[in-house]
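Some notes on the structure that comes next.
The values are calculated or read from the model by the stated rules, or taken from the named source; none is laboratory data. Predicted model, so just to flag it, every value in this text is computed and none were measured. For neighbour counting, all protein chains shown are included, and Cβ atoms are generated from backbone atoms with ideal geometry for every residue, glycine included.
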Amino acid sequence: MSGTPLWSPSTTDRAQAELTRFRARLSERHPNAGDLSSYSALHRWSVEHREEFWAELWHFTGVVAESRPGKEPWDAVLVGRDRMQPPAPDLGPRWFVGARLNYAENLLRREDDADALVSWDERGRRRVLSFRALRAEVARIAGALRGLGVVPGDRVAGFVPNGPEAIIAMLAAASVGAIWSSCSPDFGAKGVLDRFGQIRPKVLFACDGYRYAGKRIDLRDRVREVAESLPDLLAVVGFSWLEESPDWSTVPRAITWDAFAAQGTGKPLTFERLPFDHPLYILYSSGPTGLPKCIVHSAGGTLLQHLKELVLHTDLKRDDRIFYFTTCGWMMWNWLVSSLGVGATVVLYDGAPLAPDPAILWRMAAEERLTIFGTSAKYLAMAEKEGVRPTSFDLAPLKAILSTGSPLAPASYDWVYAAVKPDLRLSSISGGTDIVSCFALGDPTGPVHRGELQCLGLGMAVEVWNSDGHPVVGEQGELVCTKPFPSMPIGFWDDPAGKKYHEAYFDLWPGVWRHGDWAEVTERGGLVIYGRSDATLNPGGVRIGTAEIYRQVELEEEVVESLVIGQAWGDDVRIVLFVRLRAGVALDEALRERIRLRIRGSCSPHHVPKKILQVTDIPRTLSGKITELAVREVVHGRPVRNVDALANPQALELYRDLAELRT
């Protein structure tokens, strides 16, 4: 990695950063902490003094909770500080024991007429909701939920697009103490039932349809099928997204949003203050290897972790306007919504990111005066391939771009600074659904280096371990976390003994969270991620992260995107590369050789694919991630058990029984 930063914060940037204010607070209140001016020293202190760090963060971010005059809101910050296994009442890990709070109350503490939510769709349609109006609508829906008999611990589900209704319904459910779970509208009925069928919600919020890339998709038949298969449903609350007055008569127990909200009109907005570890969200693992795992996250853990990441690592302030390109089926939606707890304006977008207008997100960024723009690494790569040049827009207020979902290629760093804006912080961040947050993030007070995530998350004991279980720096290995943190799942749904939970994270090293990423901690404390460790390639016994190959292949102008797997061959594994090319381009031997030479020259001979094949589509999950594992199963003639986790399952047929892979 280059030693010359692509960007460094100015003296003013550093002085005004929330992280700088937090450092000053720690130095004043913990004089024995030593010099915390370097990020590495601050991170080390935050891990070694976890109780003090998280307690200070609580007060710094102004968490709203039940007060106890003369005492802290909790009895103990952490019980079982060295226990990483699933929580047990007496053994831990349990955070902020005795504290009582409500997630929605913390997100709705601002009550003025400033913009809370701004919603766009791909047609450029814009809606605005103030903080005062948002509270009022949440109050109506919460009142209706209570009137229906929804109580703490009940599940409320959303089959919803990324618009204000999803956030209103979630906050209403959270205010009651119910557990929210959502799927985006591109899920098929079976995919929805694979998730909601396990958690048996009492109420389902659903839209009549959606638009994507100019296409109009009616969802009411899917909603009907889902509703008929959920025996505990008391109501399906339908709202309009396609039509002005959609007909819901075919959906059992359906009621329109307006009619449902009317049942709560006039009822005051109240918040059930519940224990810190009361469940808030159920999220789902996206891998196509069986029924999705239902991951349960706590209200307090989610809130505190998100406030840390938004305030300290993103430098989000009350007057900021933040956007993340996401759906309600990806944890970045949950992360984005927590920005309301800072008092910032949340900008939403529903639709295709590049069609019909390849530059629509940047036009939106300019018109909305966005200060923080979040997206996926894949989107940035595709925008470059499409020739998008955001410098044509007025992006003066933009101070940061965030990227996640997959490793951000070094070439994408170059494109952002050349084609978007030279003076901004590009923070590649990484975590996942499993922790509803991040292990590595941005540092507003530190430099950005090409191809490198800026820093490890504060309070997170993140390391990279080699195969012997020893931490290493400057070497590739398994990304692990060795000490508990507040946003660990409180468990999996319907897993009372914690067996599934244990197998998911603690199977290799008992008591150590293995996240499943193949990564490297750099000498300067940053992180490079090379792909999922279960998708790493192993030709000749050499472990190779798939991202290393993608970074090189997708530099070729003809290549739109690619997918690489290891195919069992003889007594070894050979690397097989699939490429999707620009329209009208055919894969020939000259292009194959250019790809091989680029990989050999930039990586090593071990990285060079033995086979390179052209395909017209690449399978991806409903959250937009390419799925190497599903393709690997098809190539080896093994079944893919959960094709409903895929957005385009038909693409798997392109990889089945290929003659080129039989020799």
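Against the conditions (1) closer than 23 Å to PRO275 by Cβ; (2) part of a helix (DSSP H, G or I), where does ALA504 fall short? Just the number, please.
In the conditions (1) closer than 23 Å to PRO275 by Cβ; (2) part of a helix (DSSP H, G or I), ALA504 misses (1) alone.
For region 10-56, give me each residue that is under 30 Å from TYR530 (Cβ atoms) and either outside the structural domain of VAL473 (by TED's automatic domain parsing) or of a type in the set (Val, Ile, Thr) (or both).
Matches in region 10-56: VAL47 only.
Take the residues of region 607-626 that are modelled with pLDDT of 90 or more and part of a loop (DSSP other than H, G, I, E, B): which is nearest to the chain's Cα centre (by Cα)?
PRO619
Select, from GLU18, GLU105, GLU51, the only residue that is at pLDDT 95 or above and under 25 Å from GLY511 (Cα atoms). Please lay out each step first, then the result.
Values: GLU18 fails: under 25 Å from GLY511 (Cα atoms); GLU105 fails: under 25 Å from GLY511 (Cα atoms).
Selected residue: GLU51, the only one of GLU18, GLU105, GLU51 that is at pLDDT 95 or above and under 25 Å from GLY511 (Cα atoms).
Which condition number does PRO496 fail, the rest of (1) assigned to a loop (DSSP other than H, G, I, E, B); (2) touching an Asp or Glu at 6+ places or on another chain (Cβ under 9 Å) being met?
(2)
Out of ASP75, ASP112, ASP35, which single residue is without any contact (Cβ under 8 Å) to a residue 12 or more places away in the chain and over 30 Å from ASP507 (Cβ atoms)?
After ruling out the rest, the residue left standing is ASP35.
With region 205-315 as the region, which strands (runs of 3 or more DSSP E) entirely inside it contain at least 1 residues that are out of contact with any Ser or Thr (no Cβ under 6 Å at 6 or more places or on another chain) and assigned by TED's automatic domain parsing to the domain that holds ALA400?
279-284, 294-298
Is it the case that LEU19 is under 30 Å from the mean Cα position of the chain (by Cα), closer than 30 Å to GLU475 by Cα and in a helix (DSSP H, G or I)?
Working: under 30 Å from the mean Cα position of the chain (by Cα): yes; closer than 30 Å to GLU475 by Cα: yes; in a helix (DSSP H, G or I): yes.
Spelling it out, LEU19 is indeed under 30 Å from the mean Cα position of the chain (by Cα), closer than 30 Å to GLU475 by Cα and in a helix (DSSP H, G or I).
Please tell me if ALA590 is out of contact with any strand residue (DSSP E or B) (no Cβ under 8 Å at 6 or more places or on another chain) and exposed (fewer than 15 other Cβ atoms within 10 Å of the Cβ).
yes
If you go through region 462-473 one residue at a time, do you hit one that is among the charged types (D, E, K, R), farther than 23 Å from VAL311 by Cβ, in contact with a helix residue (DSSP H, G or I) (Cβ under 7 Å, 6 or more places away or on another chain) and modelled with pLDDT of 95 or more?
No, every residue in region 462-473 fails to be among the charged types (D, E, K, R), farther than 23 Å from VAL311 by Cβ, in contact with a helix residue (DSSP H, G or I) (Cβ under 7 Å, 6 or more places away or on another chain) and modelled with pLDDT of 95 or more.
Can you confirm whether region 590-603 contains a residue that is among the small types (Gly, Ala, Ser) and either in the same structural domain as TYR284 (by TED's automatic domain parsing) or in contact (Cβ under 8 Å) with a residue 12 or more places away in the chain (or both)?
Within region 590-603 (the criterion being among the small types (Gly, Ala, Ser) and either in the same structural domain as TYR284 (by TED's automatic domain parsing) or in contact (Cβ under 8 Å) with a residue 12 or more places away in the chain (or both)), the answer is yes, since at least one residue qualifies.
Please work out which one of (1) within 30 Å of VAL156 (Cα to Cα); (2) touching a Leu at 6+ places or on another chain (Cβ under 8 Å); (3) touching a residue at least 40 places away in the same chain (Cβ under 8 Å) is the condition THR404 fails and give its number.
(2)
Hey, among GLU478, GLU452, which residue is surrounded by 20 or more Cβ atoms within 10 Å (Cβ to Cβ), closer than 21 Å to ALA400 by Cβ and either under 19 Å from the mean Cα position of the chain (by Cα) or not basic (Lys, Arg) (or both)?
Going through GLU478, GLU452 in turn, just one is surrounded by 20 or more Cβ atoms within 10 Å (Cβ to Cβ), closer than 21 Å to ALA400 by Cβ and either under 19 Å from the mean Cα position of the chain (by Cα) or not basic (Lys, Arg) (or both): GLU452.
Being modelled with pLDDT of 90 or more, more than 30 Å from the chain's Cα centre (by Cα) and in a loop (DSSP other than H, G, I, E, B) is the filter here, so list the residues in region 559-588 that pass it.
Within region 559-588, ALA583, GLY584, VAL585, ALA586, LEU587, ASP588 meet the criteria.
So how many residues does region 221-236 have that are under 14 Å from PRO161 (Cβ atoms) and either among the aromatic types (Phe, Trp, Tyr) or in contact with a strand residue (DSSP E or B) (Cβ under 7 Å, 6 or more places away or on another chain) (or both)?
Residues of region 221-236 under 14 Å from PRO161 (Cβ atoms): 222-223.
Retained after the next criterion (residues that are either among the aromatic types (Phe, Trp, Tyr) or in contact with a strand residue (DSSP E or B) (Cβ under 7 Å, 6 or more places away or on another chain) (or both)): 223.
Looking only at that region, the number is 1.
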